[in-house]
Amino acid sequence: MKRQSWLLALNNIDEKYIEEAKPSSVKKFKRKKTLVLLAASMAVMFALNLVLFIPYRAQIPTVLKYSGSEYYEVIDKLNTYFYEPPKYKNNFEALIGGLSNIFLAASKNAADERIELEDSFEMSGDMLGDAGINSPTENGENYEEVTDNQVKGVIEGDLFKRSDKYIYYYDGGYLSIYSIEGKDSKRVGCFNIYERKNVDMQQNRADDYAEMFLSKDCKTVTIIYCNNKLSGRFYVVSLDVTNPANVEFKNIVKYDGEFVSSRKVDGKLYIVSNYYAKEPDNYKNAKEYVPSYTTENETKINIISADNIYSPDVLSSSGYTVLTKLDEKTLNVDADYALLSFYYPVIYTSKDSFYFTRSYYERKQESEYTVGATMTEICRIDYSGDGFLNMGSVTVEGEVNNQYSMDEYNGILRVFTSTDKSIIWNTELGNYSFVSDETGRNASLFCIDINTLRIVGSVERFAPKGENVKSARFDGNTAYVCTAVQFTDPVYFFDLSNLDNVTYKETGTVEGFSTSLVDFGNGYLLGIGQKDWSTPKIEIYKEEGDKVVSVSAIEMPDSNISTDYKSYYIDRENGYIGMGITSYRYGYYGNIRYVIFKFENEKLDVAYEFIFEGDLSRMRGSYIDEYIYVLSQYELEVIPESELN
């Protein structure tokens, strides 16, 4: 019975399995599977080819959809500036490049450690000033100009202004008003800006940066201030100081950006600031890439119009310099202007024009070599009318150190620059630097007609090779400039009376270098600078024949002084020089002193010194009626002239 059941089960086996078990059927199945696998492999390879070898798109994204915007020219240039072409042609190169970077990282880090960075110097220069301007007011109070302004009639912002009755000093959020009464002087008024509502700043006196003006009628104080810890905003505040014991808030303007500098001419304030435009997600909202400010009770946002924006053909940065004109008493904005790609410019202001600089590195490809040089575009903005008028620009070789390396005289803008040029030969074996008298660092002078903005005279590469402009001063048809590389200071005299034949001569070499070269009156020059890195010095020079010779000098070993020119008290009439000094010598370690020097009978001596706490750059001094008043953010010191040595 069991045997019959087993045979019956065999008869029930599906015949298709028997057919598939035949050798010929097995071969057909394997062939079909192979074809499927081959097709799948080809599909994968094709997909990989698409992923790895399809070229990246290397075209600048179009912004034509914004062509109807008044800012389309700005949008187009910013879009080009922000565009970064792909580093690799496709994903395969990116993969290989990424692996290579892993292996090269160690060697690159080692190479970076061998890179030598060039020294950079923060320079100051001379101010020729118009101190002592009196302005009688209705209440009998007279304005006295105490800031040593570079151009007569162009008042520069400072922490310190005064009348014949009061001293106004601003620092760290506080405006302090002191009576002028000799030893009986005292603080009679104070205003804390940080206590005002809607000023979204945190009080930090150490980081506060500001400039201040006092109106000619002595009734209005204007303060421009910012706090470094709050990036991207600063304020212009107007205060009523008619009653010093009860200072009252008047008005405010808020700016997006960073405060740079300020000027006042004929009752109008000129505020210079920077605004950095980051790449926006889109260009629909102009406030994201165009400078703006808030006025009219802090509610109206003003975006600078496209007609008031200048930009070069090729941008070197996405930063703007912004110039606004305000009424001193009301802070109403009368005009505004912006220069795209002029970020952190050097600013020189004449009686009717602002000059802004834009430095960039230019490379010119010749047939067998590449020439690289530092270049500067100088743009002239006329402010003599109701608004701002762009008069054009000129490009010179080199970089302008500071405002004192520029001067306008009889329709000619004179500019000293520090130049840097390189020549790289391109060969099959590699690139090689070419060294000659035309390469490396040096100094040049350019004379520019302000109407045509053409260079009408120049002296190029006049200094020893490797030296830069350290300080300069102009006086009519003459100029002095100091150059240095380390601690030797050649002083050059320029005769600018004939622009077709500008002549110059080296007047001698002094030890160290001057960061400020100042006309001290009566044919003397005052140099403030360094003998070496730990020894500041002040020195008096005079002309003797065809040379400038040292008359007297004082060195301050193991000390620091401020490089801010406005922190120096310079009294040409009475022969006084004052400054704060931090000493690290035995007996002085960590002490901050204020020292008053006296120049008399061709001898420079210490006339008075005392311990005086405060930031060296914020100290101010002034001579008033046989007393010297010295201020810091912490105190006022009054020294009778009779107590000086």
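Restricting to the range 417-445, what's the tally of residues that are at pLDDT 90 or above and surrounded by fewer than 16 Cβ atoms within 10 Å (Cβ to Cβ)? Number satisfying all stated conditions: 0. Being buried (at least 19 other Cβ atoms within 10 Å of the Cβ) and either over 24 Å from Leu517 (Cβ atoms) or outside the structural domain of Gln150 (by TED's automatic domain parsing) (or both) holds for only one residue in Gly614, Gly578, and it is Gly578. Kindly check whether there is at least one residue in the range 306-316 that is without any contact (Cβ under 8 Å) to a residue 60 or more places away in the chain, out of contact with any helix residue (DSSP H, G or I) (no Cβ under 7 Å at 6 or more places or on another chain), in a helix (DSSP H, G or I) and within 22 Å of Phe82 (Cα to Cα). No; the residues of the range 306-316 include none that is without any contact (Cβ under 8 Å) to a residue 60 or more places away in the chain, out of contact with any helix residue (DSSP H, G or I) (no Cβ under 7 Å at 6 or more places or on another chain), in a helix (DSSP H, G or I) and within 22 Å of Phe82 (Cα to Cα). Would a scan of the range 327-336 turn up a residue that is among the polar types (S, T, N, Q) and assigned by TED's automatic domain parsing to the domain that holds Gly153? Scanning the range 327-336, I find at least one residue that is among the polar types (S, T, N, Q) and assigned by TED's automatic domain parsing to the domain that holds Gly153, so the answer is yes. Look at the range 546-569: where a residue is within 17 Å of Thr509 (Cα to Cα) and part of a helix (DSSP H, G or I), no partner that is of a type outside the set (Ser, Thr, Tyr) and modelled with pLDDT of 90 or more sits 6+ places away or on another chain with Cβ atoms under 8 Å. Take Ser238 and decide whether it is in contact with a Ser or Thr (Cβ under 6 Å, 6 or more places away or on another chain), within 17 Å of Lys325 (Cβ to Cβ) and not in a loop (DSSP other than H, G, I, E, B). Criteria met by Ser238.
Rundown of residues vs (1) under 26 Å from the mean Cα position of the chain (by Cα); (2) of a type in the set (D, E, K, R); (3) within 24 Å of Val400 (Cβ to Cβ), yes/no style:
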site	(1), (2), (3)
Tyr480	yes, no, yes
Val491	no, no, yes
Leu499	no, no, yes
Glu506	no, yes, yes
Leu517	yes, no, yes
Gly527	yes, no, yes
Ile540	no, no, no
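Only a single item in (1) surrounded by 15 or more Cβ atoms within 10 Å (Cβ to Cβ); (2) touching a Phe, Trp or Tyr at 6+ places or on another chain (Cβ under 7 Å) is not met by Glu368, and it is number (1).
Sort through Asn560, Asn574, Asn645 and tell me the only one that's modelled with pLDDT under 95, polar (S, T, N, Q) and more than 30 Å from the chain's Cα centre (by Cα). Steps first, please.
Working: Asn560 fails: more than 30 Å from the chain's Cα centre (by Cα); Asn574 fails: modelled with pLDDT under 95.
Residue meeting the stated conditions: Asn645.
Return a yes/no flag: does the range 270-279 have any residue that is outside any loop (DSSP other than H, G, I, E, B), over 23 Å from Tyr71 (Cα atoms) and of a type in the set (Ser, Thr, Tyr). Checked against the condition, which is being outside any loop (DSSP other than H, G, I, E, B), over 23 Å from Tyr71 (Cα atoms) and of a type in the set (Ser, Thr, Tyr), the range 270-279 yields at least one hit. Here is a check on your reading of the model: is Val247 in contact with a Cys (Cβ under 9 Å, 6 or more places away or on another chain), in the same structural domain as Lys219 (by TED's automatic domain parsing) and aliphatic (A, V, I, L, M)? Criteria met by Val247. Kindly indicate whether Lys287 is over 27 Å from Leu389 (Cβ atoms), assigned by TED's automatic domain parsing to the domain that holds Tyr174, in contact with an Asp or Glu (Cβ under 9 Å, 6 or more places away or on another chain) and not in a loop (DSSP other than H, G, I, E, B). No; evaluated as a whole, the condition is false for this residue. Pairs are defined by a Cβ separation below 7 Å, a sequence spacing of at least 6 or placement on different chains, a first member in the range 571-584 that is in a loop (DSSP other than H, G, I, E, B), and a second member that is modelled with pLDDT under 95 and among the aromatic types (Phe, Trp, Tyr); the pairs so defined are Arg572/Phe520. Candidates are the residues of the range 376-405 that are surrounded by fewer than 18 Cβ atoms within 10 Å (Cβ to Cβ) and without any contact (Cβ under 8 Å) to a residue 60 or more places away in the chain; the one that is nearest to Thr478 (Cα to Cα) is Thr395. When the residues of the range 482-528 are narrowed to those that are charged (D, E, K, R) and assigned to a strand (DSSP E or B), which ends up modelled with the highest pLDDT? It comes out as Asp495.
The condition of being in a strand (DSSP E or B), on the phi < 0 side of the Ramachandran plot, free of Cβ contacts under 8 Å to residues at least 40 places away in the same chain and crowded, with 19+ Cβ neighbours inside 10 Å holds for only one of Lys537, Lys470, that being Lys537.
Taking the range 160-199 as the range and being under 30 Å from the mean Cα position of the chain (by Cα) and either among the hydroxyl-bearing types (Ser, Thr, Tyr) or assigned to a loop (DSSP other than H, G, I, E, B) (or both) as the test, the residues that pass are Tyr168, Tyr169, Tyr170, Gly172, Gly173, Tyr174, Ser176, Tyr194, Arg196, Asn198, Val199.
The values are calculated or read from the model by the stated rules, or taken from the named source; none is laboratory data. From a predicted model like this one, the values you see are computed outputs, not experimental measurements. For neighbour counting, all protein chains shown are included, and Cβ atoms are generated from backbone atoms with ideal geometry for every residue, glycine included.
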